[in-house]
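Only one structure is covered here, and it is reproduced in the block below.
The values are calculated or read from the model by the stated rules, or taken from the named source; none is laboratory data. Please read these numbers as outputs of a predicted model, since none were measured by experiment. Glycine also receives a Cβ, built like all others from the backbone with ideal geometry; neighbour counts cover every protein chain displayed. Side chains are part of the model used for accessible areas, which takes the heavy atoms of the whole protein and leaves out ligands, DNA and RNA. Shrake-Rupley method; radii C 1.70, N 1.55, O 1.52, S 1.80 Å.
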Amino acid sequence: MKFELPQLPYAKNALEPIISEKTLEFHYGKHHQAYVTNLNNLIPGTQFENADLETIIKESDGGIFNNAAQVWNHTFYFEQFSPNGDNEPTGALLDAINESFGSFDVFKSTFVTAGVTTFGSGWAWLVKNAQGKLEIVKESNAGNPMTKGLIPIFTFDVWEHAYYLDYQNRRPDHLAELWKIVDWKIVEKRF
Amino acid sequence: MKTLRIPRLSVWLLFFVIATNSMAQATFSLPKLPYANNALEPVISEQTMNLHYGKHLQGYITNLNKLIVGTAFEQADLISIVKQSDGAIFNNAGQTLNHNLYFLQFSATPKLVPTGVLFDRIIQQWGNFDSFKMEFENAGMGVFGSGWVWLAKTDNGELRIVKELNAGNPVTKNMEPLLGVDVWEHAYYLDYQNVRAKHLSELWKIIDWNVIEQRYGE
């Protein structure tokens, strides 16, 4: 199976000034593309040659895991943004957020703290557990909570390449700004 | 006169107490660099130096000084902390040590090729200096995510290329760090963006082998 870079559902300058066009050119056009290319180069002749992406993530390790998970993580990350974001969750997702965290504001600050305290490269995740409850999970490097039986709902990338051109060392500022482009209609569908 | 002497003595005592307290309190500080922040251009830009040295390293040092208060590491030296701690103290102590070694190994007028015992050891283990450099760069490319690649010295003087994640330093494996290259994206993203390989191959132009030879113990 040959993996391909998915189309972005918006123009590369559409998320400015929260995420610059230059950052998207690198983050999507170079990093995400490289993970796709590397994965396609790594799987021929292995048991994963015809596997779907989630199976590869759950069953592989080393270079294949790193590249497969980063392909999935970035696709999931980019598709949750919209220039018409800045809305708030409603319905069942809002109820679940209130139940697990008390309020949307508490959830947001807890989520940002998880992102800020991920040491090194990684991801902060909002996940649904086996009981249908929401949790926040920190993962290093290419980590994805599906390997722990959790369902990913929403994520922030805290690799420095996600924000260094726009925010340099100020990761907390980057994460605080990201809420302005999150499209909760897309996140609700995942829940 | 007698009534004046007593307050003067107590003032001196107060100074003494303050002075000994501040000496007993081990606090780490940003090392002075032997070059200007723009001296390593174009290999490392002034903007990267301002952030990497002035913000990231300063941040690790500030965090470390706050974290060790009231712990077993309050009076410890940096290498002891790196060897014995974990969690946030390890992360900030490791990054303080790593960045100190990193920034102090560069020069605008470096000795570009080692000589003497260190050079002989490199030739013995890698055949030639270019093969060593290539293996070192490949190790740096092979670190997934944030971390470091090190040239380190073992107990018996042998050299090892060691990959470490995040704040890792080979002192935790009883090896002495000689040369450290930072592959956290903050080290190169403003200047090289995603092209880590280019950053690694350019760095040889500013690595001062005088410093590495001194660390090896010549």
Completion exercise
Relative contact order as a percentage, segment A:21-79, C-alpha pairs under 8 Å and 6+ apart, gives 40
Fill in the blank from the handout: In the protein assembly as shown, taking the dipole from +1 charges on Lys and Arg beta carbons and -1 charges on Asp and Glu beta carbons about the Cα centre, the listed residue (A:A124, B:T62, B:V149) farthest towards the positive end is B:T62
Handout entry: Among A:P17, B:A167, A:N38 the positive-end extreme of the charge dipole of the protein assembly as shown (Cβ point charges)
Key = B:A167
Practice task
Would you calculate a helix-derived [θ] at 222 nm for chain B, using -39,500 (n - 2.57) for each DSSP H run of n ≥ 4 and dividing by the full residue count, to the nearest 500?
Solution key: -14500 deg cm²/dmol
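Using only the Cα atoms of chain B, build the gyration tensor, take square roots of its eigenvalues as a ≥ b ≥ c, and label the shape rounded, prolate or oblate: rounded if a/c is under 1.5, else prolate if a/b is larger than b/c, else oblate. Can you show the working numbers first?
On the way: a/c = 2.15, a/b = 1.98, b/c = 1.09.
Note, shape of chain B comes out prolate.
Let me know the charge dipole size of segment B:116-216 about its Cα centre in debye, to the nearest 20, where only the beta-carbon of Lys, Arg (+1) and Asp, Glu (-1) is charged.
Details: 10 positive and 14 negative charges, 24 e Å.
Roughly 120 debye for segment B:116-216.
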Handout entry: Solvent-accessible area per residue, Å², over segment A:91-190 with all protein chains present [probe radius 1.4 Å]
Key = 37
Exercise for the section: Set the Förster distance to 45 Å, then compute FRET efficiency between B:A39 and A:N50 from the Cβ-Cβ distance, nearest 0.05. Expected result: 0.25
Exercise for the section: Can you tell me the relative contact order of chain B? Whole percent, Cα pairs under 8 Å, sequence separation 6 or more. Expected result: 22
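Over 19 Å between Cα atoms: which of A:K148/B:K173; B:K66/B:K173; A:K2/B:K198; A:K108/A:K128 fall into that group?
Details: A:K148/B:K173 31 Å; B:K66/B:K173 26 Å; A:K2/B:K198 29 Å; A:K108/A:K128 16 Å.
Over 19 Å apart, Cα to Cα: A:K148/B:K173; B:K66/B:K173; A:K2/B:K198.
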Practice task
Quote the charge dipole size of chain B about the Cα centre in Debye, to the nearest 20; the model charges only the Cβ of Lys and Arg (+1) and of Asp and Glu (-1).
Solution key: 940
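Pick out, in residue order, every one of the GluC sites (Glu not before Pro) in segment B:139-212 that is DSSP loop and has at most 16 other C-beta atoms within 10 Å; say none if there are none.
On the way: sites: B:E158, B:E164, B:E185, B:E202; in loops: B:E158.
Here the GluC sites (Glu not before Pro) that fit, given the DSSP loop and packing criteria, are B:E158.
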Exercise for the section: Return the residues of segment B:115-155 for which accessible area with all protein chains present is lower than in the chain on its own by 30 Å² or more; set the probe to 1.4 Å and exclude ligands, DNA and RNA. Expected result: B:F144, B:G145, B:S146
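Can you give the longest stretch of chain A with no exposed loop site, where a site means GluC sites (Glu not before Pro) in a DSSP loop (not H, G, I, E or B) with at most 16 other C-beta atoms within 10 Å? Walk me through the numbers on the way to the answer.
On the way: sites that count: A:E4, A:E49.
Answer - A:50-191.
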Exercise for the section: Could you list the trypsin sites (Lys or Arg not before Pro) in segment A:74-163 that lie in coil according to DSSP, counting only those with at most 13 other Cβ atoms within 10 Å of their Cβ? Expected result: A:K133
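May I ask you to give the percent of accessible area on chain B that is carbon plus sulfur, with a probe radius of 1.4 Å?
Answer for chain B: carbon and sulfur cover 57 percent of the accessible area.
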Exercise for the section: Go through A:K30/B:K133; A:K12/A:K58; A:K30/B:K205; A:K138/A:K180 and tell me which ones have a Cα-Cα distance over 29 Å in this structure. Expected result: A:K12/A:K58
Exercise for the section: Could you do me a favour and compute the accessible area per residue for segment B:122-218, 1.4 Å probe, result in Å²? Expected result: 38
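For the pairing of chain B with chain A, what total accessible surface becomes buried, with a 1.4 angstrom probe, in square angstrom to the nearest 100? If you can, show how the numbers build up before the last one.
Numbers: alone 11680 and 9030 Å², together 18870 Å².
Summing both chains' loss of accessible area gives about 1800 Å².
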